[in-house]
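Chemist: My questions will all concern the structure given below.
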Amino acid sequence: MEAGIIYYEWANKLISYENMHAMLLKAPGFETSDSLKNLIASVPLENPDLISSFRYINYVFDHITKKVNESMAAVTVPVDQINRVMLDKSIDLSQQLIRNEAVKKRIIQEFITQYFGSLEQKDRSEILDKYRGFLNDVKLDHIR
């Protein structure tokens, strides 16, 4: 398990390299090489044995978020709906990319927890109804 945690800590650094490099060097158009993209693509997205590892969950969350952000680059969304759209796209992509039900549920819970507090009140109740099957272990009452 420790080797897996170290592996996904390393993978987290890889996946954030492009954004960090662009930000630190003030080079907004920076794009990583194909070899680095291939290396990132080779990191397994499903590893149920590490479901309790923050490093692993963080990697899957960031991987899906990066793909959603890329898909959103060409989409126009009203400002008051951006968090709802991002949440729905993140959950849809999670359901497409992850086959293991336990991992899928955990990642979807992470996305709901991440976005829930920034949703409009009307969207919150819709989200709770729409994704109820993923929320039995999640406590959202502390989020306002």
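Chemist: Being within 20 Å of ILE15 (Cα to Cα), β-branched (Val, Ile, Thr) and touching a residue at least 40 places away in the same chain (Cβ under 8 Å): is that true of ILE127 here?
Modeler: Spelling it out, it is not the case that ILE127 is within 20 Å of ILE15 (Cα to Cα), β-branched (Val, Ile, Thr) and touching a residue at least 40 places away in the same chain (Cβ under 8 Å).
So that you can scan it fast, the table gives a plain yes or no per residue for (1) in a helix (DSSP H, G or I); (2) at pLDDT below 85; (3) closer than 23 Å to LEU97 by Cα; (4) touching a Pro at 6+ places or on another chain (Cβ under 8 Å):
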{"site": "TYR7", "(1), (2), (3), (4)": "yes, no, yes, no"}
{"site": "MET20", "(1), (2), (3), (4)": "yes, no, no, no"}
{"site": "LYS26", "(1), (2), (3), (4)": "no, no, no, no"}
{"site": "GLY29", "(1), (2), (3), (4)": "no, yes, no, no"}
{"site": "LEU36", "(1), (2), (3), (4)": "yes, no, yes, no"}
{"site": "GLU46", "(1), (2), (3), (4)": "no, no, yes, no"}
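Chemist: Tell me, which residue of the range 62-84 that is surrounded by 15 or more Cβ atoms within 10 Å (Cβ to Cβ) and of a type in the set (Val, Ile, Thr) is farthest from GLU46 (Cα to Cα)?
Modeler: VAL68
Chemist: Now a separate question. For residues that are free of Cβ contacts under 8 Å to residues at least 12 places away in the same chain and under 24 Å from ASP80 (Cα atoms), tally how many sit in the range 90-113.
Modeler: The total comes to 1.
Chemist: Please state which of the following conditions LEU140 fails to meet, knowing it meets all the rest: (1) in contact with a helix residue (DSSP H, G or I) (Cβ under 6 Å, 6 or more places away or on another chain); (2) under 20 Å from ILE57 (Cβ atoms); (3) at pLDDT 90 or above.
Modeler: Among (1) in contact with a helix residue (DSSP H, G or I) (Cβ under 6 Å, 6 or more places away or on another chain); (2) under 20 Å from ILE57 (Cβ atoms); (3) at pLDDT 90 or above, LEU140 violates only (3).
Chemist: Can you pull out every residue in the range 31-84 that is of a type in the set (Lys, Arg) and under 20 Å from THR113 (Cα atoms)?
Modeler: Correct list: ARG55, LYS66, LYS67, ARG84.
Chemist: Hey, can you tell me all the residues within the range 96-125 that are in a helix (DSSP H, G or I) and surrounded by fewer than 13 Cβ atoms within 10 Å (Cβ to Cβ)?
Modeler: GLN96, GLU101, ALA102, GLN121, LYS122, SER125
The values are calculated or read from the model by the stated rules, or taken from the named source; none is laboratory data. From a predicted model like this one, the values you see are computed outputs, not experimental measurements. So basically every Cβ, Gly included, is an ideal-geometry build from the backbone, and we count neighbours across all protein chains shown.
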